[in-house]
Every structure is written in C-alpha cells, then in structure tokens.
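The structure appears right after this line, and notes come after that.
Every number in this text was worked out from the coordinates using simple rules, so none of it is lab data. Just so it is clear, the structure is predicted and the values come from calculations on it, not from any experiment. Virtual Cβ from ideal backbone geometry, glycine too; neighbours counted across all protein chains shown.
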Amino acid sequence: MTKTTTNNCQKAKMNVNKSLNAEQHDIVEKMRSLIKEVRKHNYAYYVMDTPSISDNEYDQLRLSLIELEERYPDLTQSDSPTASVGDNPLPSFSQVQHDIPMLSLGNVFSKDELIEFMRRVNDKLGDSDKDPAYEVELKLDGLAVSLKYHNGQFVRGVTRGDGQTGEDITQNAKTINNIPLIIEEAFDIDVLEVRGEVLMPKAGFERLNREAKASDGKVFANPRNAAAGSLRQLDPAIAASRPLAFYAYSVNQGLPEHITKQSEALGWLKELGFTVSAVKLVKDVDELQAYYESVIDMRDSLPFEIDGTVIKVDNLQLQSQLGYLSREPRWATAYKFPAETVMTKLNAIEWQVGRTGQITPVGKLEPVQVGGVTVSNVTLHNIGEIQRLDVRAGDTVSVHRAGDVIPKVTRVWHELRPEDSQPVMLPSQCPVCHSPVILPEGEALARCTGELFCPAQQQEALIHFVSRKAMDIDGLGERWLISFFEHGIVKTVADIYHLHEHKEDLITFEKLGEKSVNNILAAIEDSKKTTLSRFIYAIGIKGVGETTAQNLAQRYGDLPALMEASIESLEAVPDIGSVTAELVYSFFRAEHNVEVIKALIAAGVHWDKVEQVATEQLPLSGETWVITGTLVESGISRDEAKEILQSMGAKVSGSVSAKTSALLAGEKAGSKLTKAQDLGVRVVEEAEFLQLIGR
C-alpha cells in the first residue's frame, strides 16, 4: 500500500470517527449485522424451506433489530426488513395478491414480557374494555396458507409469501384430505377466506423419512420443512402422496355477523368441517401462564410439532379497535417456548471482517444440537467481551440459543480448562487485507484501516450499487459480482463499467456464456442513464436511504452542489438530522470516495439535472400518499410512482391512516382501498394520476 493510499485511509477513518461517536458506531454496526442475518434467514425460511436457525433464534434476532430501531430511529437503516413479513414468493408458482395482508405475530418469551403485552393492550382500550378475555391456541409449526371459497366451493389456496403476495398452491391444497372442497353451509356466502397452517404430523414425517432413506430420497430435517417442501411440489401427485393436514386458525372474509368472538369463529369453522387446534379461554395472566406451562408438559405427547402458544384478544370488535402495527396485530402475540442451553467445546476463535471494517471474533464450536438445530459458530462480539468472559480456545462453554445473531456463550467452565490454554490477543493485522487493525480509545470495536481497499468491505459496496433500487443492473447479481471480484476483474463500483473490456474472459465463467454476458453488458450500458437520487443512493452513504437520496437530489439539483454542501446546509434538508448530515459531509471529504465518483462519471454514468424548487412550492408539498394495486394502463411500477410523488413533494407511506392525504389506487387495490374509503381518504385512480403528472 502506498503512502498516499495510507493517508487516504487515515483521512477517511478520521472523517467517519467525527461523524459518529463510539456508541453510535456500535448501534449502526449491530443494525447492519442484524439486517443481513434477518434477510438471509427470511430467504432460507420463507423461500427455500431450509431454515438454518431455530424459530426462537429468528424471533429474538428480529426483535433485537426492532428494539434498536425504536430506541434509535435516526440511525434506522433504509433497507431494514422489519416492516415485511417474510420473503418474495417462489417464481415457479403463479403469484396471487392477498385481499388482506397475511401478517406475522409478535413474540413474548417470559411471563414478564407477557404482562407487558397485556399492559399494551389495556393502554389502547377504554376503561370499560380493559382486561379483556383472551383466547389461546397452540402455535403450530407449519406453513401459513389462505383458503378461499366462493359460494361454498373451494377455488384457491395461497401461501403467505411476503405477506402481500403469495404462491398459488390450489392444486396441491386440493390433495390435503382434511380440507373441505365443498361446504354446503357456506353456499350463501359469496367469499369465505379461511387461514391456517399446513403441517405434517410427527408419525407421517417419520414414515416419510423412513421411506426416503430406503429409496435414497430426500430426508427432511423436521416436519415443518417436510410440509413446506411437499406443498411446494410442482407435481400435485407428489403433494398428494405426502401426509399433510390443515389446521384453521382464523376467518378473514365471510364471517357471519352474529359471531363476535375469535373462539366462536373457530367453533363455527369446526361446524363447517375444518380441523382446529386446542382452544382455551383465559381471564388473566396467571391463568394464561398456567395453561402455557401445561402445554409445555404435553408438548411431546402431541401428534404434531408446536413451538409455543398464540394468545389473542377474544372479542373481534376489540381486535378491530386495537388494530395493527406494520407487520403484526396489536391484539395477538406468540408466547414461545424457552430457549435451550447446552455444553460443548470451543475449538478455536477466528476473526472476521464486516462490511464497514469491524473486526469480530467468532467462536468455532464442536457442532452441537440445540433445539433441533446444529450450532457450530457463536459470536463473541469483541475483544472486550472475550476478556470479560475470559474465554479461550479449548474451553468448555455453555451455549444459549437466544435472540442474538447466532447463539451466544453464557458461561465458561474455567474448572475444565486445559492447562496449556493461552489468553486471546487482538490481531495486529486484518485477516483479509493485512492492513493494520486499530482499537480507538473508548471504543469496543476493533477495525481494519483498509477502508475501501479491503475486499471484505468492497464486496458489500458492489452488491448494494447494482441492486434494484440503486443502479438496477439486471442480471449482475451477488454471485457474479463476487466471482468477478475474486478473479480481480472488479474491485470498485467504477470497474463495473469496464467489464466490456473483459468480455472474452467473462464468457469462460461456468454457467455464464456469451448470451448471458451480452445481457449483463447491455444492462450495464442501460444503467449509465440514471437519476441523481438513484445515484446518491447507489454510492452507499451510511444513513442515506431512498427518501433521503430523493430529498438531497431535490435540494441540490446536481452532484457538485451536494458534494460542496456544508453540514449546516445539509441539516436544513427535510428528514435529515445532524447524524446523517455529518455522514454525508464526511463521505464527500474522503478522497477515495471522490476518486470513485469521478471514475463513474468518466465511464459515462450521467443523469439529468434536477429542477430545484423550494419544498413548500412543490405541488404535493405536505401531503402523504399511499400506493396500492397495479397501474396497468401506464405500466408505471410502484417504485416509479413513489419516485414521481416524492419529486412532487409528497411523502409516500406504506399504510393508510386518518392522516393520509390520498390513496393512489390501481387494479386489485384490496384492503387499503377499503380502509381509505372507510376513513374518507381521497382516492386517486390511474387516469387522474396520469393527468396530475402530465402524462
């Protein structure tokens, strides 16, 4: 590394240190790490049906992120997955938009947390409604599914998917024996929607795996994976051969008016021929806790897997009054079973480098089963945590499957320590790029000084740059970027625009070929013409999401003005606080960042200058809009419509409320349209929207 390069790294580090104090650094690093893990496990669980962590770990992982965002809203990351339920549906099935979103549930893990949940319910209710009765169900470990009936005839089955859109598994659902295909008692109900869980009973799961082993077929890790994998077979005959069952837990459309309670709704479903799990009515926390503990005792004797109980306010009118958060109802929660603790050996401690250069110690465990999940890695957080625990390679440790990114060490059995063990020392060099490692005074996190020159940090920058909401380079996904990076073809984001110079080399990559290479190069060329807001978002300034990038583009009009902006000027931009202002200011004062930007512009990346208009003069200034449905006539996507509305001064929200100024409603608008009409919110159809934007 040259002296100039080292100086650049030092200047960049100094600028970042000015931007965030030690505590804020820790918070942002924690958020980024949690976001990455949640995304990875969303995909593994909801899309691939191969979760690598337990439900308990995932729930606590997501809860940790939510708690951080609630405590530090100014540091919330723009790409956080906390507002969504799962992941995108598989492309092999046709996709169906849910009339009413299929939300997930919040979680509690102790009696104290249960008391807090019930307190929050009471805080939202009037005096006469406080301390409502609760209905408790078993929390079945399967795949959430919606069944729809028209005049008593089964017409469609859809998975949860991402909560808004699911996969059409109608033909497979028809093969499940306990799903009624015709309901005579519902002939006079236009639309009946029943939601529940498709699962595989323990006995059927064991039989399926025995047969699979005998025929060298696929052996499933647990009944939930087996049920999900069976339901997502493209051949209904395979699904029909699997021992699946459906357990109903709610009626979301078509419930008779005389039914006013959740417990009554489940009783009605039983009369229609549906299977439901055990239902218990309780009045207070002590009754609820007692029932929860009884469920733990009978768990092993049940014919199917469960991972806790589901607690719901029984009165449906009170449910409606309590309403919803972004991804979960306020009137229900899951009371999960406690995590487990096991003893195992810590074989080694390795150091990993994060996207921002954080050096993190990872314990390599003797693989151990914790609650049905094989655990081989455990985070040790930082050198301070290692010293606090006095943990060393070769130690016997207790590992608790709780809510951190991966399971954590809760105890070191010093009395079992080998005599030749050695204390752990912080490495002096980065394990990836061999740059010096520093531990700034007063900070807990050691960092690599390699900055943009460290491969561990460059890869994340490349992946973000090409993403859909950034430069949107279709076909150039994470797999190919990392492969090109490892072969030395791409190092910085500017190198992407020189890939055409390596065309012959790219064609030789396995499974790529000339056609795919041509498509990638064409997409790269197309991406050169972008918008200023997309470019600002793509270069990856910490704290700058889509909305902030849009506000910066509108305020400064072009990049040079933004690059020269003072902290005071940046703080005057809507929705930008002092922390983000300092992050933006520091980013453009780091020489290596400026060099990469110049290289991008030299490669042909360009945009139209944004006409600067005072925020208060924009036509939709001060208004809050919501977008729903599909804009068929114009073909404008939701993302494009969002950018247009923001450029006209509007804020774009994901949910309708009394404060919503207007709802842009395309085809199949669904529940948001109904809610807007109920609240008297102005509804703008596509033709009016096109006229508004001058198209």
### Query
Put +1 on the Cβ of every Lys and Arg and -1 on every Asp and Glu Cβ in the chain; which of 241, 209, 482 then has its Cα farthest towards the positive end of the dipole?
482
### Message
At 7 Å along Cα-to-Cβ for each site, give me the label-to-label distance between residue 503 and residue 364 in nm.
### Response
4.4 nm
### Message
With the cut-off at 1.5 for a/c, could you classify segment 95-336 from its C-alpha gyration tensor as rounded, prolate or oblate?
### Response
oblate
### Message
Relative contact order of segment 180-243, please, whole-number percent, based on alpha carbon pairs below 8 angstrom and at least 6 residues apart.
### Response
31 percent
### Task
Would you mind computing, in nm to one decimal, how far apart the modelled labels at residue 514 and residue 182 are, each placed 7 Å from Cα along Cα→Cβ?
5.9 nm
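What does the charge add up to near residue 523, with Lys and Arg as +1, Asp and Glu as -1, over the other residues with Cβ less than 9 Å from its Cβ?
Numbers: positive: none; negative: 472, 474, 525, 526.
Combined, the nearby Lys, Arg, Asp and Glu give -4.
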### Task
With runs of 4+ DSSP H residues as the only contributors, calculate the mean residue ellipticity of the chain at 222 nm using -39,500 (n - 2.57) per run, divided by the residue total and rounded to the nearest 500.
-11000 deg cm²/dmol
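Evaluate the charge dipole of the chain about its Cα centre and quote only its size in Debye, nearest 20, assuming +1 on the Cβ of each Lys and Arg and -1 on the Cβ of each Asp and Glu.
Numbers: 73 positive and 99 negative charges, 177 e Å.
It comes to approximately 860 debye.
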### Task
Enter the Cα centre distance for the pair segment 619-639 and segment 109-184, rounded to the nearest angstrom.
30 Å
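Just rank 220, 689, fewest to most, by other beta-carbon atoms within 10 angstrom. Don't skip to the end; give the middle numbers.
Details: 220 20, 689 23.
With the fewest neighbours first, 220, 689 line up as 220, 689.
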### Task
Compute from the Cα atoms of segment 454-527 the Rg and the Dmax, the latter being the longest Cα-Cα distance, and quote both in angstrom.
11.2, 32
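How high is the relative contact order of segment 620-692? Use alpha-carbon pairs under 8 Å, at least six apart in sequence, and give a whole percent.
Working: 125 pairs, mean separation 26.8, N = 73.
That works out to 37 percent.
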### Task
Mind scanning 130/280; 202/345; 202/283; 174/675; 148/202; 642/668 and naming the pairs with a C-alpha gap bigger than 29 Å?
202/345; 202/283; 174/675
### Loop-located GluC sites (Glu not before Pro) in segment 606-663, at most 10 other Cβ atoms within 10 Å (DSSP)
611
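How would 463, 259 line up from fewest to most surrounding beta-carbon atoms within 10 angstrom? Mind showing how you got there, number by number?
Details: 463 18, 259 15.
By the 10 Å Cβ count, ascending, the order reads 259, 463.
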### Summary
Sparse-neighbourhood loop hits (trypsin sites (Lys or Arg not before Pro), segment 523-616; DSSP loop; Cβ within 10 Å at most 13 others) -> 609
### Size of charge dipole - segment 95-336 - debye, nearest 20, with Cβ of Lys, Arg +1 and Asp, Glu -1, no other charges
760 debye
### Task
Would you mind checking which residues have amide H under 5 Å from residue 261's amide H? H placed 1.01 Å from N; only 5 or more apart, or other chain.
316
### Task
Report, in cubic angstrom per residue, the convex hull volume of the C-alpha atoms of segment 532-607.
75 Å³
### Message
Could you check the spin-label model distance between residue 691 and residue 290? Points 7 Å from the Cα along Cα→Cβ, value in nm.
### Response
6.5 nm
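With a cut-off of 8 Å between alpha carbons and a minimum separation of six or more residues, what is the relative contact order of the chain in percent?
Details: 1233 pairs, mean separation 82.0, N = 695.
The value is 12 percent.
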### Message
Can you match log10 I(q)/I(0) by the Debye sum over Cα atoms at q = 0.07, 0.09 Å⁻¹ to one of these, (1) -0.49, -0.85; (2) -0.56, -0.95; (3) -0.67, -1.03, based on a calculation from the structure here?
### Response
(2)
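Quick one: order 556, 335 by neighbouring beta-carbon count within 10 Å, fewest to most. Spell out each step's value before the answer.
Working: 556 21, 335 24.
Ranking 556, 335 by Cβ neighbours within 10 Å, fewest first, gives 556, 335.
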### Task
Would you work out the charge dipole size for segment 620-692 about its Cα centre, treating the Cβ of every Lys and Arg as +1 and the Cβ of every Asp and Glu as -1, and quote it to the nearest 20 debye?
360 debye
